[in-house]
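Since the structure comes first, as structure tokens, the remarks are kept for the end.
Values in this text are rule-based calculations from the coordinates and carry no lab data. As the structure is a computational prediction, the values presented were derived from the model and not from experiment. Here the Cβ is made from the backbone with ideal geometry for all residues, glycine too, and neighbour counts use every protein chain on show.
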């Protein structure tokens, strides 16, 4: 079976003043469909940059990133935007919900780019909110929700289009222990029951434990593989 | 529907800021509307002029009179139907600040030539019968609370002395463009007095007003009249009523141009105000635009949201501004009735308001939208951290 994400000879650097600072160097990584992968490493190791490149948020300097058979490094900006809309679900550390929209409307946002009718959108949104157990709070705006609830709305927004992969950047970084546990359990359940491929960047060893596989990044290089039995 | 709701919600995130911006737009649109109305009021005389009326005056200047004897010779020119004449009297009523235009005219021919001045048949007859009689416009009557039979004394400036008139008629305009603030009386009354006090000034008129049978004949009549008096002691300059009125307006063209410039400067200022509001809003929401881009929205979607919000704010401000322009115009009209007797917000002004709304809405959104399109997702998301 071919991997859902194939990264070959990937390099990325940033310009700082008149010099280039390498962030990722010659990265090779395969992620199988249905995997729950945790990317760990110290600050500045390139975890978030790698996640952004897999999700098509940034451009590589060298190498290729193939997701679901599509070489996303060859796509233009507008093609990448259209690809992200259907193939990637994002979960951010600070939830990134639009504060003036209700939970329902926040989850509905990605569906505006699809050709779904209003009724179909409603069905999808309600299903996604049911999955994260927030149906009852669909009319609340983000400031009226707790951190954990906001992150669950963000997860509903990430899964509402049924994307190929879910990417999460420190999803529990801004949550208390109980809320973090709820969010991680939810992600684990999505991975287990819906066989969603999840790639998660985290500093938290407890979060990494929930993932099936943990990869370590240090100074832009991928280190050893830690396979774990599902918890 | 979703997008419209989002635009509304975005527009009113900062209620105070948006309210102040709306107020600024509304005041600017009202100022723009009033200034445009001042300009159109200035030209209202041109609008009211007839294509079948000509004005003949001394070719040197309006200040120099023409002999009364010209009347019969003008009457003989082909295609001329009516000849009337008059003088600018320039009288003062009690105080200089009570200015209103007053003329000595030949009443019968004058009223025949200006059918847009509507008088009741009784008052018309009363006015024609009484040599000391005068007629005044409805607005003038309201302004000084005159009534029929009142004795009105004007202090002469061009023709010295105190001149007494009996108000015999009140006219109203046939349409909105007719000036209802004029005062006119019998030229004969003036002339008889001049024969006694200043004989050298008697039997002379300031201008002739000439009726032509068809507008197409105006040009021939103009040439024929001026040819008739060529090489005489008082050569004439004949022009259409419209050209005559425009020549008056051209004297104050610098003021009109200044008003027009100021009206557009007001719009320029409001572009800066709305652009500032939109720039602040867009800068605060950089991370949201990055999130939307992450979800698959393109740069043009983001630009559309900013443009939509700018248009929405401008539209609301413009609607408010247009609504308050009317009471504003009413107050303005009441404040300076003698200078701009015809002061009405024209349909064209409202269309210009709408053009201004579109212009302000689009121009204000350009820079914030361009910046939002340019922002990289990674940079935008970093703003949150």
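Show me the ranking of peptides B:55-66, B:245-256 by mean Cβ neighbours inside 10 Å, starting with the highest. Before the final figure, lay out the partial values.
Numbers: B:55-66: 16.6, B:245-256: 12.8.
Going from most to least packed, we get B:55-66, B:245-256.
Summarising the label geometry, the points placed 7 Å from Cα in the beta-carbon direction at residue B:12 and residue A:206 lie 4.2 nm from one another.
Please arrange B:332, B:229, B:127, B:326 by counting, for each residue, the other beta carbons lying within 10 Å of its beta carbon, fewest first. Spell out each step's value before the answer.
Working: B:332 17, B:229 21, B:127 25, B:326 14.
Fewest-to-most ranking of B:332, B:229, B:127, B:326: B:326, B:332, B:229, B:127.
Could you tell me which of rounded, prolate or oblate describes region B:60-234, using a ≥ b ≥ c as the square roots of the eigenvalues of the alpha-carbon gyration tensor, with rounded for a/c under 1.5 and, failing that, prolate when a/b is larger than b/c and oblate otherwise? List each step's numbers first, then the result.
On the way: a/c = 2.02, a/b = 1.35, b/c = 1.50.
Oblate shape, in that a/c is at least 1.5 and b/c is the bigger or equal ratio.
Using the average count of surrounding beta-carbon atoms within 10 Å as a protection proxy, the listed peptides A:199-209, A:129-139 rank, highest first, as A:199-209, A:129-139. Modelled this way, with points 7 Å down the Cα-to-C-beta line, the labels at residue B:129 and residue B:20 are 6.9 nm from one another.
In plain terms, the residue of A:219, B:147, B:71 with the fewest other Cβ atoms within 10 Å comes first and the most crowded comes last, giving B:147, A:219, B:71.
Here region A:12-36 is scanned for amide nitrogen atoms under 19 Å from the site 7 Å beyond the Cα of residue A:218 along Cα-to-Cβ, giving A:22-29.
Of the residues A:220, A:44, A:115, the one that moves most in a GNM of chain A with alpha-carbon contacts below 10 Å is A:115.
Need one value for B:287-294: mean number of C-beta atoms belonging to other chains within 10 Å of its residues' C-beta atoms. Write down the numbers at each step before the final one.
Numbers: counts 3, 5, 0, 2, 11, 7, 5, 13.
Mean partner-chain Cβ count within 10 Å for B:287-294: 6.
Among B:189, B:351, a tally of other beta-carbon atoms within 10 Å of each Cβ gives an order, fewest to most, of B:351, B:189. For region A:61-116 versus region B:341-382, the inter-centroid distance based on Cα atoms is 30 Å. Across peptide A:46-52, the average count of Cβ atoms from other chains found within 10 Å of a residue's Cβ is 1. Full extension of the chain between residue B:203 and residue B:382 gives 55.4 nm of extra length, using 0.36 nm per residue less the Cα-Cα distance. Among rounded, prolate and oblate, which fits chain A when a ≥ b ≥ c are the square roots of the eigenvalues of its C-alpha gyration tensor, a/c under 1.5 means rounded, and a/b larger than b/c means prolate? Cα axes put chain A in the prolate bin.
Overall shape: prolate for region A:123-231, with the ratio a/c of the largest to smallest alpha carbon gyration tensor axis at 1.5 or above and a/b above b/c. Once the Cα atoms of helix A:77-87 and of chain A are each reduced to a long axis, what angle between those two axes, in degrees from 0 to 90 to the nearest 10, is obtained? Rounded to the nearest ten degrees, it is 60.
Full-extension gain between residue B:97 and residue B:120, please, as 0.36 nm times their residue separation minus the C-alpha to C-alpha distance.
Values: separation 23, 0.36 × 23 = 8.28 nm, distance 3.02 nm.
Stretched out fully, the residue B:97 to residue B:120 stretch lengthens by 5.3 nm.
Residue by residue through A:95-107, how many Cβ atoms from other chains fall within 10 Å of the Cβ on average?
Values: counts 2, 9, 2, 7, 4, 9, 5, 0, 0, 0, 4, 1, 0.
Partner Cβ neighbours, averaged per residue: 3.
A simple spin-label model places pseudo-atoms 7 Å from Cα toward Cβ; at residue A:194 and residue A:78 they are separated by 3.0 nm. The simple Förster model, with R0 at 56 Å and r as the Cβ-Cβ distance, assigns residue B:351 and residue B:233 a FRET efficiency of 0.65.
Region B:168-221 and region B:110-139 have their alpha-carbon centroids 12 Å apart.
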